[in-house]
Amino acid sequence: MRRVVITGLGTITCLGNSAEETWSRLLAGTSGLAPVRSFDASSYKTKIAGEASSFDADRWTRDPESAGLDRASHLLFAAADEAVSQARLDRQELAADRAGIVLGTTLGGMLQGEAFHRTILSGAQPAPGALADYLAFMQGENIATRCGVPAMPETVSTACASGATAIGLAFRRIRNGEIDLALAGGYDTMCRFTFAGFDSLQLLDPETCRPFDLNRRGLVLGEGVGILVLEEAGRAAARGVKAVAEVRGFGTTSDAYHTTRAAPSGEGAAAAVRIALNDAGAAPEDIDYVNAHGTGTPVNDRAEVAALSAVFGPRLARIPVSSTKSMIGHLLGAAGAVEAIVSALAIRDGMIHPTANFTTADPACPIDAVPEGARRVPVRAVLTNSFGFGGNNACLVLMRC
């Protein structure tokens with residue numbers, strides 16, 4: 001069976017405009033959550049988010065080739081450029097018949113959709129092409145055009161599991177010999193539509209994001225993108241490129257318990273973890289670190305801990321489990337992709353970032369949430385979880401090469 005390695009990483013989050021910048025600030029325990037700037041949030045209960053405010057949007061709006069595209073495409077372009085550069089790929093290699101693109105998102109080009117709606121409500125006539133980058137498949141097409149990938153891109157939308165699902169599908173295609181190389185990941189932007197929806201569901205914490213803490217009150221939304229270059233291991237070695245980590249397993253399930261809430265038992269999530277471990281040829285004892293879904297909602301955190309307890313048993317208390325969302329917010333379709341990147345960097349550096357804002361342990365969540373700050377430990381294998389609305393569960397197992 002073919003091995004699949006990660007040779008390039010690209011990320012935009014509220015903590016930085018590169019994977020390394022985001023990673024260094026996560027290790028420092030820095031929170032990027034701040035008052036919303038992209039729209040007036042004064043009418044909502046929650047007024048904070050993890051916006052990528054330092055992203056140079058003007059650069060892309062000045063470029064004739066990207067000026068009419070949605071912010072989602074601009075974020076993707078920047079992250080893809082970073083990942084492709086790190087992987088030392090050239091356009092000729094990307095243009096090969098055995099390259100692919102698999103992306104996950106929940107919103108696509110929603111900002112263009114919102115702008116179109118506002119124009120209609122004002123009584124004005126929208127400009128021709130105002131919705132050219134609205135539909136979710138368009139961003140994949142834009143990346144394919146920019147990078148010269150001839151294959152038809154795939155776009156998946158499995159709620160908050162979208163990014164991890166995209167990576168898992170690309171991983172399977174390479175391992176099965178369908179393709180040799182893929183750009184895979186997820187993305188989503190900060191939109192009023194999404195913010196208002198989560199606010200109406202009363203799922204947002206008005207103060208901060210505090211996963212697994214006894215006093216947690218909900219999640220905080222963020223925006224961003226994560227792109228990984230996945231390659232067949234022999235191909236990467238032949239190019240002389242050092243892999244960051246290896247993707248070894250992928251598991252996905254759908255428990256269909258409720259439209260928005262996870263099953264309290266964590267049964268579906270536990271099944272996805274077991275499938276991922278089995279796919280990787282790994283035992284629960286092999287996992288050194290869990291990058292949790294860790295949203296900060298009372299129900300979801302308990303369900304995730306229940307799932308982990310079902311798989312790891314008493315050993316769970318000795319496994320570091322931290323939440324990236326505690327510092328960058330919930331990136332929806334990008335969450336699983338950015339967290340896979342974080343997991344790969346944890347393996348590379350032997351470092352685990354903390355769970356921010358964790359001050360009071362919850363007896364219902366008896367885990368080592370790494371509250372004291374970044375921890376240096378040997379990390380050979382990581383489980384990273386993504387659990388979304390509708391019971392969409394996706395888990396990845398990454399290992400040291």
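The values are calculated or read from the model by the stated rules, or taken from the named source; none is laboratory data. It should be emphasised that the depicted structure is a prediction, and the values quoted were computed from it without experimental measurement. In this analysis, Cβ positions are derived from the backbone assuming ideal geometry, glycine residues included, and neighbour counts consider all displayed protein chains. Note: accessible area is taken over every heavy atom of the protein model, side chains too, but ligands, DNA and RNA are not part of it. Shrake-Rupley method; radii C 1.70, N 1.55, O 1.52, S 1.80 Å.
Just a few scattered comments:
- Filtering region 221-245 to residues that are open to solvent by 10 Å² or more (accessible area, probe 1.4 Å) and part of a strand (DSSP E or B) leaves only 232.
- Beta carbons closer than 8 Å, at least 6 apart along the sequence or on distinct chains, pair a first residue in region 314-332 that is over 21 Å from residue 50 (Cβ atoms) with a second that is open to solvent by 10 Å² or more (accessible area, probe 1.4 Å) and assigned to a loop (DSSP other than H, G, I, E, B) for 316/366; 316/367; 317/366; 317/367; 319/288; 319/367; 320/288; 320/377.
- The set of residues in region 73-91 being in a helix (DSSP H, G or I) and free of Cβ contacts under 8 Å to residues at least 40 places away in the same chain consists of 74 alone.
One line per residue, one yes/no per condition, for (1) at pLDDT 95 or above; (2) within 17 Å of the chain's Cα centre (by Cα):
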{"position": "147", "(1), (2)": "no, no"}
{"position": "156", "(1), (2)": "yes, yes"}
{"position": "160", "(1), (2)": "yes, yes"}
{"position": "166", "(1), (2)": "yes, yes"}
{"position": "169", "(1), (2)": "yes, yes"}
{"position": "183", "(1), (2)": "yes, yes"}
{"position": "189", "(1), (2)": "yes, yes"}
{"position": "201", "(1), (2)": "no, no"}
{"position": "207", "(1), (2)": "yes, no"}
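- Identity of the residue in region 221-258, among the polar types (S, T, N, Q) and at pLDDT 95 or above, that ends up nearest to residue 401 (Cα to Cα): 252
- Of the residues making up region 45-102, those that are at pLDDT 95 or above, over 26 Å from residue 31 (Cα atoms) and open to solvent by less than 10 Å² (accessible area, probe 1.4 Å) are 70, 87, 99, 100, 101, 102.
- Taken together, the residues in region 209-233 that are in contact with a helix residue (DSSP H, G or I) (Cβ under 9 Å, 6 or more places away or on another chain) and farther than 30 Å from residue 77 by Cα amount to 7.
- Taken together, 102, 4 contain a single residue that is in contact with a Pro (Cβ under 9 Å, 6 or more places away or on another chain), closer than 16 Å to residue 184 by Cα and not polar (S, T, N, Q), which is 102.
- The condition of being farther than 21 Å from residue 163 by Cα, free of Cβ contacts under 8 Å to residues at least 24 places away in the same chain and not in a strand (DSSP E or B) holds for only one of 42, 31, that being 42.
- The listed residue being within 22 Å of the chain's Cα centre (by Cα) and outside any helix (DSSP H, G or I), out of 276, 272, 263, 307: 263
- Residues of region 1-28 that are assigned to a loop (DSSP other than H, G, I, E, B), surrounded by 15 or more Cβ atoms within 10 Å (Cβ to Cβ) and basic (Lys, Arg): 3 alone.
- Checking each residue in region 253-299 for being among the aromatic types (Phe, Trp, Tyr) and crowded, with 20+ Cβ neighbours inside 10 Å picks out only 289.
- Subset of region 50-68 (residues that are within 24 Å of the chain's Cα centre (by Cα) and in a loop (DSSP other than H, G, I, E, B)): 51, 52, 53, 54, 55, 56, 66
- Single residue of 374, 337, 356 found to be closer than 19 Å to residue 13 by Cβ, surrounded by fewer than 24 Cβ atoms within 10 Å (Cβ to Cβ), in contact (Cβ under 8 Å) with a residue 24 or more places away in the chain and in contact with a helix residue (DSSP H, G or I) (Cβ under 8 Å, 6 or more places away or on another chain): 374
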